[in-house]
1. For the range 139-185, just the Cα atoms, rotate onto the principal axes and tell me the three extents in Å, largest first.
2. Among 132-138, 35-41, how do they line up from the highest to the lowest mean number of other beta-carbon atoms within 10 Å?
3. Where does each of 79-90, 55-66, 197-208 land if you order them by average Cβ count within 10 Å, highest first?
4. Across 5 Å bins from the origin, how do the percents of Cα pairs in the range 93-215 run, short distances first?
5. Give the peptides 92-101, 167-176 in descending order of average Cβ contacts within 10 Å, highest first.
6. In square nanometres, what is the average projected area of the Cα convex hull of the range 1-82?
7. State the percentage of accessible surface on the chain attributable to carbon and sulfur atoms; use a 1.4 Å probe and exclude ligands, DNA and RNA.
8. Mind listing the phi-derived Karplus ³J(HN,Hα) values for the range 18-33, rounded to whole Hz, using 6.51, -1.76 and 1.60 with θ = phi - 60°, and x for any glycine or proline?
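The values are calculated or read from the model by the stated rules, or taken from the named source; none is laboratory data. This structure is a prediction, so every number in the text was calculated from the model and none was measured. Note: ideal-geometry Cβ built from the backbone for every residue, glycine included; neighbour counts use all protein chains shown. Accessible surface areas use protein heavy atoms only, side chains included; no ligands, DNA or RNA. Shrake-Rupley method; radii C 1.70, N 1.55, O 1.52, S 1.80 Å.
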Amino acid sequence: MYEVVSGPLVWVSFVVFFLGSFYRLASMLWMAKKDKVVYPYLSVKYSLRSLLHWVTPFGSRNMRQQPGMTILTFAFHICLIITPLFLMPHIILIQQAWKISWWALSKSVADAMTLIVIIACVIFFIRRVTNPTVNFVTFFSDYVLLAIAFLPFFTGFLAYHHLLPYKAISLIHILCGEIMLMAIPFTRLSHMLFFVFTRGYMGSEFGAVRNAKDW
């Protein structure tokens, strides 16, 4: 089982991720073309203005009203993306498969960033359960997606520190990572693919058409 999960299934998950992402992006661009409105509205100036604004911490009024959640959300997304890409064990596996490598995070930094993701997921879960406003718009699928983001980091932390039987927890960690990778194009995790386009369109509509800010 371990050989299957750490071998062929890794390739399957990468193929599903890349082909699925290509399909979703191509479908979106084709639908936008058929709409006859999206492309004429797009403005490089207002798209960049909106993008730069929304990736700036405390840029929007809502961010300033919830400083704690803003810091946690930015830290969560940064660590969620950076940690897997610059984790030494992951880089070693890529080097073995494709003969390429790059700079890696130190053990202490990687540990800290992993814990940030784990703690953030726990706080997001508690917030969804206890905050009436958030709970009202929360569905079962939201908890599933939160678990998909949480489990690769949690199991990876356990495996790295040998807190449970290494072989078993490593298998679960790899499987969780593969599930997350394959889920990205086909769930709301796909906002990582669409963020640039949706924010660009909204910024263009508000700036070039409505002559207003979108924040």
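1. Its Cα atoms span 34, 18, 12 Å along the three principal axes.
2. On the way: 132-138: 10.0, 35-41: 12.7.
Result, highest mean Cβ count within 10 Å first: 35-41, 132-138.
3. Details: 79-90: 16.7, 55-66: 12.7, 197-208: 18.8.
The densest-packed peptide leads the list: 197-208, 79-90, 55-66.
4. 2, 9, 12, 14, 18, 16, 11, 8, 5, 3, 1, 0
5. On the way: 92-101: 10.7, 167-176: 18.4.
Highest to lowest by the protection proxy: 167-176, 92-101.
6. Working: hull surface 34.6 nm².
The directionally averaged projection comes out at 8.7 nm².
7. Values: 10010 of 13520 Å².
Taking all protein chains in place, the chain shows 74 percent carbon and sulfur surface.
8. 5, 5, x, 5, 4, 4, 5, 5, 5, 5, 4, 5, 5, 5, 5, 5
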